Amino acid sequence: MADKEISKAVIARLPRYYRHLGELMEDGVERISSNELSLRMKVTASQIRQDLNNFGGFGQQGYGYNVKYLYTEIAKILGIDRQHNLVIIGAGNLGQAIANYANFEKRGFLIKGMFDINPRLIGLVVRGIEIRSVDDLEQFVKDNDVQIAALTIPKTKAPEIADRLVRAGIKAIWNFAHTDLTVPDDVVVENVHLSESLMRLSYRVCSMQDNSVDEKQRQSAKNS
Ligand SMILES: NC(=O)c1ccc[n+]([C@@H]2O[C@H](COP(=O)([O-])OP(=O)(O)OC[C@H]3O[C@@H](n4cnc5c(N)ncnc54)[C@H](O)[C@@H]3O)[C@@H](O)[C@H]2O)c1
């Protein structure tokens, strides 16, 4: 990987490149130009070239991009060419939904265990993953070389659990609890908030509706 700092915006776009390249590979496409990729992804060709130049380009003049090579290189950049061991804290609706999604494993994220405080859940098995008592969390993290923890617990409980995870040596928190966590610099947090995404959608749908009402009013004023 390049030594220089890669912008968050570029990193945020890489999974989408990866998905499209994966689909191209499934369709048997071996190479693609930045223009073709641009049409497919509805991103400008210059944006694609700029993004991929961050990592040395991977493209060849007059040839375009080798799909498999680019796919493999992006996987390396994203670190999904290796296995990440993961635990889920909070085995309620959301925790179990994540555990039931088998595709994370295809990306190298192996769910090793789930943890909860509810005695009625402890001992149950979800898609082969046992729900354990949160009392066993630290030992399990150490014994199973766990780097990532998904937090699917109420927000009031999240800071305390995050502290425990950090002390146990976790390096990344996938935070679904609706709270901002404070962690040391060597620990990364990725917040996932579906409701924030829904609010952005609400804004877009409302502004579209407002625009169309404005347009109708303009038309009727013109016609009257
Ligand atoms: N970020 C998002 O997009 C999103 C979407 C849905 C829900 N959520 C949030 O995720 C959390 C879980 O939602 P849910 O619908 O699965 O709730 P849920 O009540 O079904 O599950 C929460 C689970 O956490 C367990 N728990 C509570 N305290 C704990 C602790 N200290 N240690 C271990 N386990 C503990 C509970 O026993 C329960 O099983 C909530 O905070 C909710 O607001 C976030």
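Data table
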| item | result |
| --- | --- |
| Mean residue ellipticity (222 nm) of the chain, computed from DSSP H runs ≥ 4 via -39,500 (n - 2.57), nearest 500 | -15000 deg cm²/dmol |
| Where N is the number of residues in the stretch 8-78, Cα Rg divided by 2.2 N^0.38 Å | 0.97 |
| Translational diffusion of the stretch 79-224, µm² s⁻¹ [Kirkwood Rh, Cα pairs; Stokes-Einstein; 4 °C; 1.567 mPa s] | 75 µm²/s |
| Trypsin sites (Lys or Arg not before Pro) within the stretch 122-207, DSSP loop, no more than 16 other Cβ atoms inside 10 Å | R127, K155, K157, K171 |
| Inter-label distance, nm, simple model (7 Å from Cα along the C-beta direction), R13/D136 | 4.6 nm |
| Those residues of the stretch 93-133 whose amide nitrogen sits under 17 Å from the label point placed on E190, 7 Å along Cα→Cβ | 95, 98-112 |
| Label point distance in nm, V213-M199, each placed 7 Å from Cα along Cα→Cβ | 2.2 nm |
| Antiparallel %, DSSP beta bridges [both residues in the chain], to 5 | 20 percent |
| Lysines whose Cα lies under 20 Å from that of K142, excluding same-chain neighbours fewer than 8 positions away | K112, K171 |
| For the stretch 122-148 and the stretch 174-224, distance of Cα centres in Å | 35 Å |
| I6-Y69 pseudo-label distance in nm [points 7 Å out on the Cα-to-Cβ vector] | 1.7 nm |
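Bear in mind these aren't lab numbers, they're just calculated from the coordinates by the rules spelled out. For clarity, every value in this text was computed on a predicted model and none was experimentally measured. Cβ sites come from the backbone with ideal geometry, for glycine too, and all protein chains shown count toward neighbours.
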